[in-house]
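Beneath this line is the structure, given in structure tokens, with notes to follow.
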Amino acid sequence: MTSDSAPNGAASEMDQARFLEDALINLSHELRTPLAAIKGYATSLMRHDSRLTGDERHAMLSEINRACDRLDEVIEQTTLTARVLQGQVTLQRQETDLVALTRQALLALDEAGATNYLLTLSGDAALLILADPRLLTHALLHLLDNARTYSPAGGEIHIAMRATSGSVGPMAEWSVTDHGIGIAPEHLPQIFTPFYRVENHLARSTNGLGLGLAFAQRVIALHGGELRVASEPGEGSRFWFALPLAGE
Ligand code: ADP
């Protein structure tokens, strides 16, 4: 992987008006898609109630339930990211095992049908850090989910964790490496900008607000780390960070 970049905010030459327009269109699309599903199924249930079998009714109610969950997720992600970006959250820090947190995030993703994650631990069964488990789990989920979203189906995703010695003391290092579509060098500095999505067929066909990396970058910074990326189009991407080990 050749393109190594630290995040540096919005590109200076980006057309801000167009960007804002795209962001709003994307956000309304993310809200409208589940809303349309809810409206469609609810209308069918009302119109055809007497003709529907129990199984059909149950299937429609399940779809409504799924669409409600998606709406909830979009609203929760948007409001939580806004609060994090505006500095309105205070970390609820506690001694937290980064390995256990990662395993929990993987379990949550597995429930959504992911099966191709590979976890490597270099000797350390636990890596204790002082962290806000809720916010850090959200950040890890975004990074892991992106690795899956932007990889071919079944593509291998490698998560590695180890203790290292940084310039400021012992650190817990975390990384996720995928072999997916990668990111072109000109996009790398912008992917951490809220609502930024690289324009490609996946961005159009996958759910996404372009908020995950902005959120993850800020949360990791609040914990005293820096989220970094190395990527090469067609080869894959690696996102990584290091956080101080607790009690060191
Ligand atoms: P979202 O995934 O919701 O679009 P993110 O903020 O998580 O938003 O990511 C911003 C953009 O960065 C994505 O739209 C995608 O173009 C790109 N990206 C993020 N992670 C990866 C990855 N692992 N591989 C390729 N592209 C990625």
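None of the figures in this text is laboratory data; all of them are computed from the coordinates on show. Only a predicted model underlies this, so the values are computations on that prediction, with no experimental measurement involved. Counting neighbours? That spans all protein chains shown, and the Cβs are built from the backbone with ideal geometry, glycine included.
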For the chain, averaging the sequence separation of alpha carbon pairs under 8 Å that lie six or more residues apart and dividing by its residue count, the contact order in percent is 26
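Return 213, 91, 128 ranked ascending by Cβ neighbour count within 10 Å, so the fewest neighbours appear first. Please list the in-between numbers first.
Values: 213 23, 91 14, 128 18.
Least crowded to most crowded, the residues run 91, 128, 213.
For residue 164 and residue 93 in one chain, what is 0.36 nm times their gap in residues minus the Cα-Cα distance, to one decimal in nm?
Values: separation 71, 0.36 × 71 = 25.56 nm, distance 2.16 nm.
Gain on stretching residue 164 to residue 93: 23.4 nm.
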Unit-weight point scatterers at every alpha-carbon of the chain, Debye formula, q = 0.09, 0.18 1/Å: log10 I(q)/I(0) is -0.44, -1.48
Nearest 10, in degrees from 0 to 90: the angle of helix 98-111 to the longest Cα principal axis of the chain is 20
One checks the Cα atoms of segment 13-85 and finds Rg and Dmax, in Å, of 17.0, 59
Ordering 134-143, 97-106 by per-residue average of other C-beta atoms within 10 angstrom, highest first, gives 134-143, 97-106
Note, segment 213-228: 3J(HN,Hα) by Karplus (6.51, -1.76, 1.60, θ = phi - 60°), whole Hz, Gly/Pro = x, goes 6, 4, 5, 4, 4, 5, 5, 5, 5, 4, 8, x, x, 9, 7, 10
A correct Karplus calculation of ³J(HN,Hα) over segment 48-62, with 6.51 cos²θ - 1.76 cosθ + 1.60, θ = phi - 60°, whole Hz and x for Gly and Pro, returns 10, 3, 5, 8, 7, 7, x, 5, 5, 4, 5, 4, 5, 5, 5
Which residues qualify? For residue 195, with a placed amide H closer than 5 Å and at least 5 residues away or on another chain, they are 211
Taking Cα atoms only, helix 133-149 is inclined relative to the longest principal axis of the chain by an angle, in degrees rounded to 10, of 70
Simple spin-label estimate for residue 72/residue 22, 7 Å along Cα→Cβ, in nm, reads 3.2
